[in-house]
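The values are calculated or read from the model by the stated rules, or taken from the named source; none is laboratory data. Here the structure is a predicted model, which means the values were calculated and not measured. Counting neighbours? That spans all protein chains shown, and the Cβs are built from the backbone with ideal geometry, glycine included. Surface areas here come from the heavy atoms of the whole protein model, side chains and all, with no ligands, DNA or RNA. Shrake-Rupley method; radii C 1.70, N 1.55, O 1.52, S 1.80 Å.
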Amino acid sequence: MKIIKLNAIDSTNSFLKEMAHNSTLENYTIVTTGTQTNGRGQMGTQWVSEPSKNLLCSVYVTFNGLPVSNQVLINYAVSLAIINTLEKYNVPKLAVKWPNDILSFNYKLCGTLVENVIQNNEVKSSVIGIGLNVNQIDFEKGFNATSIKKEIGREINLDKLLEDLISELKISIGYITNSATNILKENYLKWLYKKNTPTMFKDCEGVLFMGKIIGVSSIGKLQIQLEDDAISEFGIKEVSFAKA
């Protein structure tokens, strides 16, 4: 495991992807930074972080013979690794907000961005970006966010936290390459935010509707049971929780 520490960078994912394109990287090569000037989230959203207070990192992981049809397992593994790490730090009321935001008490604690390299219908490698709020306690107005320090009341050593997180990530990723891969989805669903709870949603056209999350499809789409008991599936940015 190789760790590259940078004072500042536009995006750890972009930096690591370029490294992987230009050289052969060791499995679990990690890039961390104290400041990220152009942090990226799902579908082009931005990740904003106070300098040197949070864990901002990207991890390069290789795979051998992982069908592209199973790439959603990577998202499950990443989410569970973060959840398992946070449990060790006694962070309360954790949940995974589909597809892979981590919440505590309904406040966003962590966001991830998984970018895969695909060849011949197989995932060859992934760059896994993680932005975890750790020691920051003040957030911009309008950001529904929290941090480990806010939830447990003490400062966290970022180096130790990274070490713990990578240990859990290796365990979770390991399930992808053996016959027990179904355990990833089972455990992911146990943590899924608002699962089986009647909830108001908004589709991509702004139409409000009532339904309840019942699961995730084999390709990672959110499955929502509607009021007439029909089940609809939604991709990223096709549905959101309606604000009260």
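In this structure, is K53 in a loop (DSSP other than H, G, I, E, B) and open to solvent by 10 Å² or more (accessible area, probe 1.4 Å)?
Judged against the criteria, K53 is a match.
May I ask you to verify whether N84 is assigned to a helix (DSSP H, G or I), out of contact with any Phe, Trp or Tyr (no Cβ under 9 Å at 6 or more places or on another chain) and either over 19 Å from N54 (Cα atoms) or not small (G, A, S) (or both)?
When the stated conditions are applied, N84 passes them.
Across region 192-240, which residue is most open to solvent (accessible area, probe 1.4 Å) among those that are farther than 26 Å from F105 by Cβ, of a type in the set (D, E, K, R) and in contact with a strand residue (DSSP E or B) (Cβ under 7 Å, 6 or more places away or on another chain)?
E227
So that you can scan it fast, the table gives a plain yes or no per residue for (1) among the basic types (K, R); (2) assigned to a helix (DSSP H, G or I); (3) open to solvent by 10 Å² or more (accessible area, probe 1.4 Å):
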| residue | (1), (2), (3) |
| --- | --- |
| C110 | no, no, no |
| E115 | no, no, yes |
| I118 | no, no, yes |
| F143 | no, no, yes |
| K150 | yes, yes, yes |
| R154 | yes, no, yes |
| D164 | no, yes, yes |
| E168 | no, yes, yes |
| I171 | no, yes, yes |
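Is region 35-51 home to any residue that is out of contact with any Cys (no Cβ under 9 Å at 6 or more places or on another chain) and at pLDDT 95 or above?
Checked against the condition, which is being out of contact with any Cys (no Cβ under 9 Å at 6 or more places or on another chain) and at pLDDT 95 or above, region 35-51 yields no hits at all.
Please go through region 1-40 and pick out each residue that is of a type in the set (V, I, T), within 25 Å of G174 (Cα to Cα) and more than 17 Å from the chain's Cα centre (by Cα).
I3, I4, T24, T29
Within region 87-104, can one find any residue that is touching a Phe, Trp or Tyr at 6+ places or on another chain (Cβ under 6 Å), basic (K, R) and at positive phi?
yes
If you go through region 56-73 one residue at a time, how many are aliphatic (A, V, I, L, M) and either assigned to a strand (DSSP E or B) or under 20 Å from K150 (Cβ atoms) (or both)?
Within region 56-73, residues that are aliphatic (A, V, I, L, M) and either assigned to a strand (DSSP E or B) or under 20 Å from K150 (Cβ atoms) (or both) number 4.
Every residue in region 90-108 that is hydroxyl-bearing (S, T, Y) and open to solvent by 20 Å² or more (accessible area, probe 1.4 Å), please.
Y107
Would you mind stating whether K190 is closer than 22 Å to T33 by Cβ, among the basic types (K, R) and without any contact (Cβ under 8 Å) to a residue 12 or more places away in the chain?
So K190 fails the test.
Can you tell me which condition S179 does not meet? The list is (1) at pLDDT below 95; (2) of a type in the set (S, T, Y); (3) in a helix (DSSP H, G or I), and all the others hold.
With (1) at pLDDT below 95; (2) of a type in the set (S, T, Y); (3) in a helix (DSSP H, G or I) applied to S179, the lone miss is (3).
List, please: which pairs have Cβ atoms under 6 Å, are six or more places apart or on different chains, and start with a residue in region 100-117 that is closer than 25 Å to V61 by Cα and of a type in the set (G, A, S) and end with one that is at pLDDT below 95 and open to solvent by 10 Å² or more (accessible area, probe 1.4 Å)?
Note: pairs meeting the criteria are G111/G41; G111/W47.
So which residues in region 204-219 are at pLDDT below 95 and touching a Phe, Trp or Tyr at 6+ places or on another chain (Cβ under 9 Å), if there are any at all?
Of everything in region 204-219, just one residue is at pLDDT below 95 and touching a Phe, Trp or Tyr at 6+ places or on another chain (Cβ under 9 Å), namely C204.
Inside region 50-75, can you point out the residues that are among the aromatic types (F, W, Y) and either in contact with a Ser or Thr (Cβ under 6 Å, 6 or more places away or on another chain) or over 19 Å from N13 (Cα atoms) (or both)?
Matches in region 50-75: Y60 only.
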